[in-house]
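Everything on this sheet refers to the single structure shown next.
The values are calculated or read from the model by the stated rules, or taken from the named source; none is laboratory data. Nothing here was measured: the structure is a model prediction, and the numbers come from that model. Here the Cβ is made from the backbone with ideal geometry for all residues, glycine too, and neighbour counts use every protein chain on show.
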Amino acid sequence: MERIEFYRQYIRNLLTKEAALDEGNYNVESQLVFDTEHDHYQLIDIGWEGLTRIYNCFIHIDIKNGKIWIQHNMTDVDLADKLVDMGVPKEDIVLGLHPPYKRPYTGYGVA
């Protein structure tokens, strides 16, 4: 299987496991968004808590130029570490949630 296809599968598995950990407020739905055509992957919560609208993106990961970009992570899980454990080389992971000047110091890819 092509490397990018492996990366897609790794991301889908990672987000599916994170979604399964949701405590389950029946008024708020956890949604997995897998756009494999454009390589955008998200875990979001959507719904209502009383009169308050809930819309939160907890995890956003992209694949760009053959690398996995972690764009947003509002969990306690070290997503990059999990991806490395799955077999993704550190240089193929970009911490897009950090500014470009910090990325060379993260131990992961820069772009």
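List pairs: first residue in the range 16-45 and within 17 Å of Lys82 (Cβ to Cβ), second residue loosely packed, with under 12 Cβ neighbours inside 10 Å and among the acidic types (Asp, Glu) anywhere in the structure, Cβ distance under 9 angstrom, at least six positions apart or on different chains.
These pairs meet every condition: Tyr41/Asp35; Gln42/Asp35.
Looking only at the range 48-83, count every residue that is modelled with pLDDT of 95 or more, touching a Phe, Trp or Tyr at 6+ places or on another chain (Cβ under 9 Å) and hydroxyl-bearing (Ser, Thr, Tyr) and tell me the total.
Counting residues in the range 48-83 that are modelled with pLDDT of 95 or more, touching a Phe, Trp or Tyr at 6+ places or on another chain (Cβ under 9 Å) and hydroxyl-bearing (Ser, Thr, Tyr) gives 0.
Go through the range 46-83 and give me each residue that's outside any strand (DSSP E or B), free of Cβ contacts under 8 Å to residues at least 60 places away in the same chain and either within 13 Å of the chain's Cα centre (by Cα) or buried (at least 16 other Cβ atoms within 10 Å of the Cβ) (or both). Walk me through it before giving the result.
Going through the range 46-83, the residues outside any strand (DSSP E or B) turn out to be 50-51, 65-66, 74-83.
So of that shortlist, the ones also free of Cβ contacts under 8 Å to residues at least 60 places away in the same chain come out as 50-51, 65, 74-78, 80-81.
Within the range 46-83, Met74, Thr75, Asp76, Val77, Asp78, Ala80, Asp81 qualify.
Across the range 1-15, what is the number of residues that are within 11 Å of Met86 (Cβ to Cβ), out of contact with any Leu (no Cβ under 7 Å at 6 or more places or on another chain) and either of a type in the set (Phe, Trp, Tyr) or modelled with pLDDT under 95 (or both)?
Count: 2.
Among the residues of the range 34-43, is there at least one that is modelled with pLDDT of 95 or more and part of a helix (DSSP H, G or I)?
Within the range 34-43 (the criterion being modelled with pLDDT of 95 or more and part of a helix (DSSP H, G or I)), the answer is no, since none of the residues qualifies.
Examine the range 16-31 for a residue that is among the aliphatic types (A, V, I, L, M), within 30 Å of Gly107 (Cβ to Cβ) and crowded, with 17+ Cβ neighbours inside 10 Å, and state whether such a residue exists. Break it down into steps so the answer makes sense when it comes.
Of the residues in the range 16-31, the ones among the aliphatic types (A, V, I, L, M) are 19-21, 28.
Filter again for within 30 Å of Gly107 (Cβ to Cβ), leaving 19-21.
If we keep only those that are crowded, with 17+ Cβ neighbours inside 10 Å as well, we get none.
Within the range 16-31 (the criterion being among the aliphatic types (A, V, I, L, M), within 30 Å of Gly107 (Cβ to Cβ) and crowded, with 17+ Cβ neighbours inside 10 Å), the answer is no, since none of the residues qualifies.
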